[in-house]
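To start, the structure under review is shown below, and the notes come after it.
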Amino acid sequence: MTDVKYKRVILKLSGEALAGDRGFGINPPVIKDVAEELKQVHELGVEIAIVVGGGNMWRGEAGAQMGMERAQADYVGMLGTIMNALALQDSLESIGVPTRVQTSIEMRQIAEPYVRRKAVRHLEKGRIVIFAGGTGSPYFSTDTTAALRAAEINADAILMAKNGVDGVYSADPNKDSSAVKYDSLTHLEIIKNNLHVMDSTASSLSMDNDIPLVVFNLNETGNIMKVVEGQNIGTTVRGNNDGNK
């Protein structure tokens with residue numbers, strides 16, 4: 001394996017990132033670009049697992065605000081993540097990257113059910129594993145899924161790919177011109193300062209298991225590779241208390 005900083009990673013892809021400028025639905029050219037970048041990282045020998053969101057299809061909170069029962073609305077969102085996972089799998093396999101989709105909700109005709117030991121074995125055999133369906137339970141975000149799966153498979157880091165945002169800021173840089181970008185933080189600082197990088201459940205889980213998080217801009221070509229190699233881009237969030245602003 002080429003000398004890289006992270007040898008086994010969880011890549012968290014939001015649904016919005018897969019939609020690109022459209023903002024909704026699946027954008028094939030965007031997914032193709034992501035697949036091409038993943039192929040380059042995969043060829044280094046890095047073990048890659050992916051957690052996909054479903055915000056480009058549906059958000060449980062929005063459904064609940066429309067009057068749907070919250071758990072039912074969340075289940076609809078989980079199905080959206082599975083649609084994204086299948087589209088990403090197809091794009092990866094079309095360029096020769098072996099891929100498996102595992103779902104937290106069983107649908108054996110189209111994907112494997114999530115089994116931790118089987119997922120690890122796929123990674124060891126050089127397959128990219130896409131985790132779909134969230135945790136399988138309502139009220140939990142796909143950020144929490146990423147933290148949970150990272151702990152389960154002993155990932156070296158969670159790579160959080162943002163759509164057009166190049167790290168963690170003190171405020172929304174699109175709304176506050178005085179917002180300051182952080183190069184390094186701790187999960188505890190994220191929680192205390194309410195920075196909305198991940199939900200509090202995901203941050204706490206990452207902190208308790210000492211899992212680093214790297215937040216970076218997906219829209220810049222080559223950034224996934226740069227993060228895996230340990231280049232100083234985006235914002236690194238650590239589980240211990242040695243982060244510097």
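None of the figures in this text is laboratory data; all of them are computed from the coordinates on show. As the structure is a computational prediction, the values presented were derived from the model and not from experiment. Every residue, glycine among them, receives a Cβ derived from its backbone with ideal geometry; neighbour counts consider all protein chains shown.
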Exercise for the section: Among G54, M66, I82, pick out the residue whose Cα is farthest towards the positive end of the charge dipole of the stretch 38-94, where Lys and Arg carry +1 and Asp and Glu carry -1 on C-beta, about the Cα centre. Expected result: M66
Exercise for the section: Using DSSP to define loop residues, name the GluC sites (Glu not before Pro) in the stretch 1-102 whose beta-carbon has at most 14 other beta-carbon atoms within 10 Å. Expected result: E43, E69
Handout entry: Distance in nm between pseudo-label sites at S178 and H196 (7 Å out along the Cβ direction from Cα)
Key = 1.8 nm
Exercise for the section: Treat every Asp and Glu Cβ in the chain as -1 and every Lys and Arg Cβ as +1, leave all other atoms uncharged, and give the resulting dipole magnitude about the Cα centre to the nearest 20 debye. Expected result: 460 debye
Handout entry: Mean ellipticity per residue at 222 nm, deg cm²/dmol - from DSSP H runs of n ≥ 4 across the chain, formula -39500 (n - 2.57)
Key = -11500 deg cm²/dmol
Completion exercise
Rounded to the nearest 5, the percent of antiparallel DSSP beta bridges in the chain equals 15 percent
Completion exercise
Within the stretch 74-154, DSSP-loop chymotrypsin sites (Phe, Trp or Tyr not before Pro) with at most 14 other C-beta atoms within 10 Å are Y139
Fill in the blank from the handout: For I130, other-chain or 5+-apart residues with amide H closer than 5 Å (H placed, Pro excluded) are I50, R100, V101, Q102
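In the stretch 88-134, which trypsin sites (Lys or Arg not before Pro) are in a loop and have at most 13 other Cβ atoms within 10 Å, using DSSP for the loop call? If you can, show how the numbers build up before the last one.
Numbers: sites: R100, R108, R116, R117, K118, R121, K125, R127; in loops: R108, K125, R127.
Those that pass, being in a loop and sparsely packed, are R108, K125.
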Practice task
Could you run the Karplus curve 6.51 cos²θ - 1.76 cosθ + 1.60 with θ = phi - 60° over the stretch 13-19 and give me ³J(HN,Hα) per residue in whole Hz, x for Gly and Pro?
Solution key: 10, 6, x, 4, 5, 7, 7
Handout entry: Pairwise label distance in nanometres, K125 with K5, each label 7 Å out on the Cα-Cβ vector
Key = 3.2 nm
